[in-house]
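Student: Below is a structure I'd like to ask you about.
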Ligand SMILES: Cc1cc2nc3c(=O)[nH]c(=O)nc-3n(C[C@H](O)[C@H](O)[C@H](O)COP(=O)(O)OP(=O)(O)OC[C@H]3O[C@@H](n4cnc5c(N)ncnc54)[C@H](O)[C@@H]3O)c2cc1C
């Protein structure tokens, strides 16, 4: 057994970081683990639409890191990583704290990508974290009071854009004329066919316009310019929500410090960073060399987190680590209030039943929090324990 003198530091406690920390502590309770995150709360991002529609309350989807980690016996620090010295195994943080590590796991997720398109940063809303959610909520509420049929554009016909379009329509009815802009020739072009068909139906039912083969060229204070087959059109806009893609959140790394692909850290199949045997990168920030490009999802981040915990334990026992293999357990999308679509192994489900199943599956995945919070909580935590066993048995990991 290797001797561990300094802590295993995990930076970023989202889906990947949380999973690796909790699993590693379970496998080896005596390990010194320090988790650092710049935020105070975990954000269960797939449930952000339900927070917007008030189908669940904000605290249910955003438990406090301090509660989660103190319950698990893991040290948690709220701080923002600004620099890594790989040579000296030292991390630097925004308040000038320095922390040395024996092993490092980085998993700082992704941020919206504006692709340097003019006006996007200044004139669009985003939907990636709590701050974005609150800003969007407030502008939608404010606009609702002023007039009817405000022009709302959602850029990006991926899951996030479609889920948001359906939810906003159901919450605000005809207050907004909603347009989804997608640059390819279909929505959800990387998703399961069943979910795409359900989503197309959901959009049609809600009279949401979809502009395919259309690319945004510029967003100004009052207009959005869109390029399509017919040329460039400049349309009046009230609100634009930018959901066109994300990029790895790596502000603490120099551009050429570590090998990257598509802006993400290149790791080997053991999830190790090249030439840094004690450093690992998982979740949205990494891409695995020699493997098909995996989707940027919580499912991938959690599987990588679980796998890395096992590999670290093997390493401490001076055994060889195992290569990561992704198991596609299907996908779920929310399609408005009380509706969803699920395409999992051997199962397709849509409508209200899919909505309930999606909520139960996500409830089972929310991090464990202390008993007093659970008992004071609402629907989602009460159902969590009952369905955890069922979901495990049915392989909804
Ligand atoms: C609205 C929305 C809906 C989604 N829906 C789904 C879905 O239905 N299904 C699905 O599978 N996936 C979904 N995703 C994608 C999924 O949430 C991400 O793929 C997943 O969160 C990636 O996990 P991660 O651990 O890599 O990053 P994250 O979960 O984003 O966690 C990163 C953490 O790092 C912290 N951090 C960042 N920078 C620093 C720093 N410098 N110092 C310290 N801490 C830092 C952040 O505060 C954050 O806590 C959705 C995403 C969004 C935005």
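The values are calculated or read from the model by the stated rules, or taken from the named source; none is laboratory data. These numbers come from a predicted model, not from an experiment. Cβ coordinates were reconstructed from backbone atoms using ideal geometry, including for glycine residues, and neighbour counts include every protein chain displayed.
Student: Can you tell me which residue among 277, 249 is modelled with pLDDT under 95 and under 24 Å from residue 37 (Cα atoms)? Walk me through it before giving the result.
Tutor: Details: 249 fails: modelled with pLDDT under 95.
Checking each option against the conditions leaves just 277.
Student: Mind listing just one residue for me: the one in the stretch 282-296 that is surrounded by fewer than 17 Cβ atoms within 10 Å (Cβ to Cβ) and within 16 Å of the ligand (Cβ to nearest atom) and, of those, nearest to residue 11 (Cα to Cα)? Even if it seems obvious, please write down each step before you answer.
Tutor: Start the filter on the stretch 282-296 by keeping residues that are surrounded by fewer than 17 Cβ atoms within 10 Å (Cβ to Cβ), which leaves 289-293, 295.
Add one more test, that the residue is within 16 Å of the ligand (Cβ to nearest atom), and what stays is 293, 295.
On the way: 293: 23, 295: 21 Å.
Out of the qualifying residues, it is 295.
Student: Just the residues that are more than 19 Å from residue 85 (Cα to Cα) and buried (at least 18 other Cβ atoms within 10 Å of the Cβ), please, taken from the stretch 246-281. Spell out the reasoning first.
Tutor: Keep residues of the stretch 246-281 that are more than 19 Å from residue 85 (Cα to Cα), which gives 246-248, 261-263, 268-271.
If the condition is that a residue be more than 19 Å from residue 85 (Cα to Cα) and buried (at least 18 other Cβ atoms within 10 Å of the Cβ), then 246, 248, 270, 271 are the ones that fit.
Student: How many of the residues making up the stretch 109-126 are touching a helix residue (DSSP H, G or I) at 6+ places or on another chain (Cβ under 6 Å) and within 11 Å of the ligand (Cβ to nearest atom)?
Tutor: Step one: list which residues in the stretch 109-126 are touching a helix residue (DSSP H, G or I) at 6+ places or on another chain (Cβ under 6 Å), which gives 109-110, 114, 125-126.
Add one more test, that the residue is within 11 Å of the ligand (Cβ to nearest atom), and what stays is 109-110, 126.
Looking only at that region, the number is 3.
Student: Just to confirm my filter: which helices (runs of 4 or more DSSP H) fall fully inside the stretch 130-238 and include at least 3 residues that are exposed (fewer than 15 other Cβ atoms within 10 Å of the Cβ)?
Tutor: Working: elements: 130-146, 159-172, 193-205.
Result: 130-146, 193-205.
Student: Looking at (1) assigned by TED's automatic domain parsing to the domain that holds residue 22; (2) more than 12 Å from the ligand (Cβ to nearest atom); (3) in contact (Cβ under 8 Å) with a residue 60 or more places away in the chain, which is the one condition that is false for residue 350?
Tutor: (1)
Student: Can you pull out every residue in the stretch 239-257 that is away from the ligand (no atom under 12 Å from the Cβ), under 23 Å from the mean Cα position of the chain (by Cα) and part of a loop (DSSP other than H, G, I, E, B)?
Tutor: 244, the sole residue that qualifies.
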